[in-house]
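**Q** Pasting a structure here, questions to come.
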Amino acid sequence: MAGTGMAFIAGGSGVIGSAIARRLAADGIDVALTYRSSAAKAEALAAELRALGRTVDLVQLDLEDAAAVRSAVDGVVERHGPISQVVYASGPSIKFALINAIDPAEWSRVINGDACAAFNLVAAVLPHLREQKRGSLLAVLTAAVDRSPPRDILSAAPKAAIQMLFRSVALEEGRNGIRANCVSPGYILDGIGTSMIGEHDAGFAERMIKAIPMKRTGEAAEVAEVAAFLLSDRAGYVTGTTIPVAGGLQLA
């Protein structure tokens, strides 16, 4: 693990965020989990992790509110001490759509709810990480950043912006002992990719899986394994990179 300190997981009630929280807890790391509206899921996860002996700080948070994000991060530090690991595993609901069918208001909603939300988190945690001269950040992206699939711009565009944000953090903050990396999941079982596929006919799902070299959907736990590695000291000389966890979908 990356020294002592708590992991701050934005989007901890989601499928992948929850899997990352479980994986870090298994490594003996205490966690602060944020959620926006899924209180029941967040409470259930917190109870599960506390049963493992972990300290869990549960925070209801709108990541689009920069002042609230800063207050939440400062509060976790005041209550529990340093944050050593930071995970952005959040994002708004989206649908497949052609660009000419996307309303500007929908575009703004998605950009604000994802790219701007990720920036708010980075802006809130960097002062603490710079002060302690260490820390590791991780963003959960999408395989769409590597392959630009049709009708997936609402997923790919904000995640591509987040990828550049985290690469720039790695470039600027490495001298301060801060690392920043990303994982880019493909179609994860029970994740947003699978739910988007579910909006279409069975043939569409079959075509999507056929395009994956490994010919199957992935599991959130598989993403969490890579995330835990990148966050840990095992990846102490890894920064500014993105690892696809997509069964080779990024190659298709």
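**Q** Please go through (1) under 22 Å from I178 (Cα atoms); (2) free of Cβ contacts under 8 Å to residues at least 40 places away in the same chain; (3) surrounded by fewer than 15 Cβ atoms within 10 Å (Cβ to Cβ) for A25 and return the number of the only condition it doesn't satisfy.
**A** Exception for A25: condition (3).
**Q** Do any residues in region 125-149 that are touching a residue at least 24 places away in the same chain (Cβ under 8 Å) have Cβ atoms under 7 Å from those of residues that are part of a loop (DSSP other than H, G, I, E, B) and surrounded by 23 or more Cβ atoms within 10 Å (Cβ to Cβ), where the two are at least six apart or on different chains, and which pairs are they?
**A** Qualifying pairs under 7 Å: V140/A89; A143/G186; A143/A246.
**Q** Any residue in region 227-252 that is farther than 18 Å from P213 by Cβ sitting within a Cβ distance under 7 Å of a residue that is in a helix (DSSP H, G or I) and among the aromatic types (F, W, Y)? List the pairs, counting only those 6 or more apart or interchain.
**A** A235/F229
**Q** For a quick check of your reading of the model, give me the residue pairs whose first member lies in region 58-86 and is more than 12 Å from A123 (Cα to Cα), whose second is of a type in the set (D, E, K, R) and in a helix (DSSP H, G or I), with beta-carbon atoms closer than 9 Å and at least 6 apart or on different chains.
**A** As it stands, the answer is L58/E43; P82/E131, since those pairs meet every condition given.
**Q** Hey, another quick one. Provide a single number: the residues in region 158-177 that are without any contact (Cβ under 8 Å) to a residue 60 or more places away in the chain and either among the aliphatic types (A, V, I, L, M) or part of a loop (DSSP other than H, G, I, E, B) (or both). Let's see the steps before the verdict.
**A** Going residue by residue through region 158-177, those that are without any contact (Cβ under 8 Å) to a residue 60 or more places away in the chain are 160-161, 164-165, 168-169, 172-173, 175-177.
Adding the requirement that they be either among the aliphatic types (A, V, I, L, M) or part of a loop (DSSP other than H, G, I, E, B) (or both) leaves 160-161, 164-165, 169, 177.
So the answer is 6.
**Q** Among (1) at pLDDT 95 or above; (2) in contact with a helix residue (DSSP H, G or I) (Cβ under 9 Å, 6 or more places away or on another chain); (3) of a type outside the set (V, I, T), which single condition is E43 missing?
**A** Among (1) at pLDDT 95 or above; (2) in contact with a helix residue (DSSP H, G or I) (Cβ under 9 Å, 6 or more places away or on another chain); (3) of a type outside the set (V, I, T), the lone unmet condition for E43 is (2).
**Q** Out of the residues in region 53-77 that are small (G, A, S) and assigned to a helix (DSSP H, G or I), which is surrounded by the fewest Cβ atoms within 10 Å (Cβ to Cβ)?
**A** A67
**Q** While we're on this one: Pairs needed: first member in region 200-217, in a loop (DSSP other than H, G, I, E, B) and basic (K, R); second member anywhere, at pLDDT below 85 and surrounded by 12 or more Cβ atoms within 10 Å (Cβ to Cβ); C-beta distance under 9 Å; at least 6 residues apart or different chains.
**A** Listed by first residue and then by second, the contacts come to R216/L189.
**Q** Applying the selection to region 28-52, what residues are of a type in the set (G, A, S) and crowded, with 19+ Cβ neighbours inside 10 Å?
**A** A32, A42, A46
**Q** Select from region 78-101 the residues that are of a type outside the set (K, R), more than 20 Å from the chain's Cα centre (by Cα) and not in a loop (DSSP other than H, G, I, E, B) and list them in ascending order.
**A** Hits for region 78-101 are E78, H80, A97, I99, N100, A101.
**Q** OK, next. Given the conditions (1) touching a Lys or Arg at 6+ places or on another chain (Cβ under 7 Å); (2) over 15 Å from I9 (Cα atoms); (3) of a type in the set (S, T, Y), and given that S136 satisfies all but one, which numbered condition is not satisfied?
**A** (2)
**Q** Further, regarding this structure: Within region 77-129, track down each residue that is within 25 Å of R22 (Cα to Cα) and among the hydroxyl-bearing types (S, T, Y).
**A** S84, Y88, S90, S93
The values are calculated or read from the model by the stated rules, or taken from the named source; none is laboratory data. Note that the coordinates shown come from a computational prediction; the quantities given were computed from them, not determined experimentally. As a convention, Cβ positions derive from the backbone with ideal geometry for all residues, glycine included, and neighbour counts pool all protein chains shown.
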